[in-house]
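Notes to accompany the following structure.
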Amino acid sequence: MSKKMSILLLLLLSVCLMSLPFLVPGTGFLALIGLVPLLFAEQLASEAGIRRFFWWHYLCFVAWNFATTFWVCNATVGGGIFATLANALQMSVIFGLFRWSKKHLKGSLPYIFLAFAWIAWERYYLAWAQISWPWLVLGNAFARTTSWIQWYEFTGTLGGSLWIWASNLAVFGILMSSKTGNWKRFNAKAKTAVVLGTALLFLAPPAVSLFLRPEEPSGSLDVFIAQPNIDVYGKHGGMTQQDQNDRLLSQFSAAPADSTILLIGPETFTNDVITNDPSVSVTVDRFSRFLAGRPNSSMLVGASSFEYIRSAVKPSHTARQRSKDTWVESHNSALMLTAGEEPQIFHKNKLVVGVEMTPYPAFFCPIDDKLGGVMGRCIGTGHASNLYFPVRDSSGAVTRSIPVGCAICYESVYGEYCTEYVRKGAELLTVITNDAWWGDTPGYRQHLSYACLRAIETRRWIARCGNTGISAIIDPSGRIIKHSSWWQQETLSGQVGLSDEQTFYVRHGDYIGRISVLMFLLLLCGTIVKRLTNH
């Protein structure tokens with residue numbers, strides 16, 4: 001077999017091993033060796049002197065991205081293609097930096113450089129980038145193998161990325177030593193230490209997980225989740241907002257009227273909410289009248305909301321003109337409605353590029369205006385903040401307010417962002433989403449599994465409502481206690497625990513990412529110095 005064919009087969013093997021954990025439950029362990037074929041392919045290419053190897057590994061990353069996130073094209077073909085090509089390009093740039101570092105760093109240093117560079121890039125995606133697509137953060141590979149990663153309460157998802165790189169590099173190092181004959185030069189003690197160390201690297205994290213348990217909840221709350229199953233594409237007959245309201249309220253009517261209960265509906269359920277005057281919303285009025293007969297209930301539901309601004313000049317880059325002196329700002333919001341209380345409104349901050357928001361608005365919004373306004377212009381509050389569920393006594397007086405964090409759709413992919421709700425006191429997390437855009441693909445299942453990661457990292461119960469599914473109740477160990485079916489009109493009820501404890505990860509955030517950024521910059525500077533001094 002030719003070397004080029006061997007390289008191609010190795011790259012395809014890596015694509016398979018790295019894709020399966022995101023597609024098949026219980027296969028997260030494959031990621032621990034999934035990068036080894038890629039590293040061997042690179043080694044063979046270096047030995048064979050293959051030029052333009054960049055295109056080889058770029059196509060490998062394109063295949064991995066497409067195999068796991070092809071479903072984005074169901075919502076937007078252009079966006080799906082861009083996400084695949086752009087994300088793969090960034091992966092290849094990192095891998096290209098690694099190949100460049102091999103010319104100037106010796107031994108294992110280039111591989112350490114690669115691991116830190118990759119995790120630093122993931123940290124950038126999760127914390128700083130406006131154009132952000134962290135769906136394939138390596139640590140997410142264990143989202144459907146949660147029994148192995150209870151220690152995410154200490155490290156977050158980037159701890160999983162570090163474990164994957166450490167395991168792959170350990171296996172690659174042993175195999176390369178055997179291939180080059182260096183393994184024979186090791187004495188028995190050295191060989192034993194290497195084998196035992198590698199075995200410990202693979203087995204210790206799952207073993208530790210067996211002994212980690214979340215704290216017992218300090219209280220509980222009843223939740224009632226309504227999955228209305230409204231076809232966002234209108235293929236089965238469009239519904240008016242009134243029809244949609246009727247459907248959701250008919251589902252909520254099945255909840256006990258005299259119970260202290262949180263009613264939860266999906267993301268972007270209504271589009272008639274004016275944030276600076278919510279009383280004019282027909283939906284808010286209708287839901288408030290429904291809640292008047294349920295004084296112990298509150299309703300959490302999503303809305304495409306708007307803020308109208310009177311101004312002779314454009315008030316911001318993202319504002320769109322409604323009339324001569326009127327401008328409108330758009331939001332993807334969560335509403336908490338309670339009888340006799342003012343509506344609480346929280347705006348989504350982690351917005352989907354293109355569909356919901358225009359990145360770097362000072363530059364791109366004027367271009368988008370000239371194109372007719374094809375991009376989304378939603379804006380958020382800039383930070384996570386909680387909504388509050390009031391608990392009343394028998395006389396109707398509010399005795400306490402339970403802080404509830406509400407991650408809106410895409411926000412549930414961002415671990416450190418979700419910890420902000422908990423640091424601000426959230427005793428319960430909710431996720432409201434509308435995954436109908438993707439159809440019956442792995443997308444909605446992956447999205448559900450990422451909520452399980454947030455449960456472990458924060459050790460919070462999560463009540464998740466999806467328009468078409470899958471809605472679920474998830475415990476602090478990341479186990480799905482109850483769930484609905486896909487593309488069915490259903491309700492889900494249960495009791496969730498409340499907690500005010502904070503995990504190590506909640507208190508300290510993505511410290512592994514911050515350390516990786518520092519190490520990457522130090523190694524990059526060292527490589528540049530080596531290059532300039534020709535040492």
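See the values below:
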| item | result |
| --- | --- |
| ILE432 in contact (Cβ under 8 Å) with a residue 24 or more places away in the chain, in contact with a Leu (Cβ under 9 Å, 6 or more places away or on another chain) and under 24 Å from GLY79 (Cα atoms) | yes |
| Restricting the range 65-83 to residues that are β-branched (Val, Ile, Thr) and surrounded by 16 or more Cβ atoms within 10 Å (Cβ to Cβ), the residue that is nearest to MET18 (Cα to Cα) | THR68 |
| Candidate set from the range 395-409 (those that are modelled with pLDDT of 90 or more and open to solvent by 50 Å² or more (accessible area, probe 1.4 Å)); member that is nearest to GLY265 (Cα to Cα) | SER401 |
| Residues (part of a helix (DSSP H, G or I) and either within 19 Å of the chain's Cα centre (by Cα) or surrounded by 23 or more Cβ atoms within 10 Å (Cβ to Cβ) (or both)) located in the range 18-35 | MET18, SER19, LEU20, PRO21, PHE22, LEU23, GLY28, ALA31, LEU32 |
| Pair list, Cβ < 8 Å and 6+ apart or interchain, from the range 264-293 residues that are within 14 Å of ALA339 (Cα to Cα) and open to solvent by less than 10 Å² (accessible area, probe 1.4 Å) to residues that are assigned to a loop (DSSP other than H, G, I, E, B) and among the aliphatic types (A, V, I, L, M) | LEU291/ALA339 |
| Unique match (being over 17 Å from ALA115 (Cβ atoms), among the hydrophobic types (A, V, I, L, M, F, W, C) and open to solvent by less than 10 Å² (accessible area, probe 1.4 Å)) among PHE61, PHE53 | PHE53 |
| Odd one out for PRO476, checked against (1) touching an Asp or Glu at 6+ places or on another chain (Cβ under 7 Å); (2) farther than 18 Å from PHE224 by Cα | (1) |
| Extreme residue, farthest from PHE142 (Cα to Cα), among residues of the range 410-429 that are free of Cβ contacts under 8 Å to residues at least 40 places away in the same chain and surrounded by 23 or more Cβ atoms within 10 Å (Cβ to Cβ) | TYR421 |
| Test: THR468 is surrounded by 24 or more Cβ atoms within 10 Å (Cβ to Cβ) and farther than 29 Å from GLY159 by Cβ | yes |
| Number of positions in the range 104-132 that are open to solvent by 40 Å² or more (accessible area, probe 1.4 Å) and over 30 Å from MET176 (Cβ atoms) | 3 |
| Scope the range 188-209; condition touching a residue at least 60 places away in the same chain (Cβ under 8 Å) and either open to solvent by 30 Å² or more (accessible area, probe 1.4 Å) or not small (Gly, Ala, Ser) (or both); matching residues | PHE202 |
| Whichever residue in the range 1-10 is hydrophobic (A, V, I, L, M, F, W, C) and open to solvent by 10 Å² or more (accessible area, probe 1.4 Å) and, among such residues, is farthest from the chain's Cα centre (by Cα) | MET1 |
| Counted residues, the range 344-386 - those being open to solvent by 40 Å² or more (accessible area, probe 1.4 Å), over 13 Å from CYS409 (Cβ atoms) and either in contact (Cβ under 8 Å) with a residue 60 or more places away in the chain or of a type outside the set (Gly, Ala, Ser) (or both) | 16 |
| Unique residue being hydrophobic (A, V, I, L, M, F, W, C) and in contact with a Pro (Cβ under 6 Å, 6 or more places away or on another chain) when the list is LEU212, LEU248, LEU201 | LEU248 |
| Residues of the range 68-125 satisfying the condition of being within 30 Å of TRP437 (Cα to Cα), assigned to a loop (DSSP other than H, G, I, E, B) and in contact with a helix residue (DSSP H, G or I) (Cβ under 8 Å, 6 or more places away or on another chain) | PHE70, TRP71 |
| Pair list, Cβ < 9 Å and 6+ apart or interchain, from the range 477-496 residues that are under 21 Å from THR441 (Cα atoms) to residues that are assigned to a loop (DSSP other than H, G, I, E, B) and charged (D, E, K, R) | TRP486/ASP440; TRP487/ASP231; TRP487/ASP440 |
| Residue among THR326, THR318, THR338 that is of a type in the set (Val, Ile, Thr), over 30 Å from VAL431 (Cα atoms) and open to solvent by less than 60 Å² (accessible area, probe 1.4 Å) | THR326 |
| Failed criterion for GLN150 (all others in (1) outside any loop (DSSP other than H, G, I, E, B); (2) over 26 Å from SER177 (Cα atoms); (3) more than 16 Å from the chain's Cα centre (by Cα); (4) of a type outside the set (A, V, I, L, M) hold) | (1) |
| Scope the range 287-300; condition aliphatic (A, V, I, L, M), within 22 Å of VAL431 (Cα to Cα) and outside any strand (DSSP E or B); matching residues | LEU291 |
| Yes/no for ALA41 being assigned to a helix (DSSP H, G or I), aliphatic (A, V, I, L, M) and open to solvent by less than 10 Å² (accessible area, probe 1.4 Å) | yes |
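The values are calculated or read from the model by the stated rules, or taken from the named source; none is laboratory data. None of these values were measured; they are calculated from a predicted model. Cβ: placed from backbone, ideal geometry, glycine included. Neighbour counts: every protein chain shown. Surface areas here come from the heavy atoms of the whole protein model, side chains and all, with no ligands, DNA or RNA. Shrake-Rupley method; radii C 1.70, N 1.55, O 1.52, S 1.80 Å.
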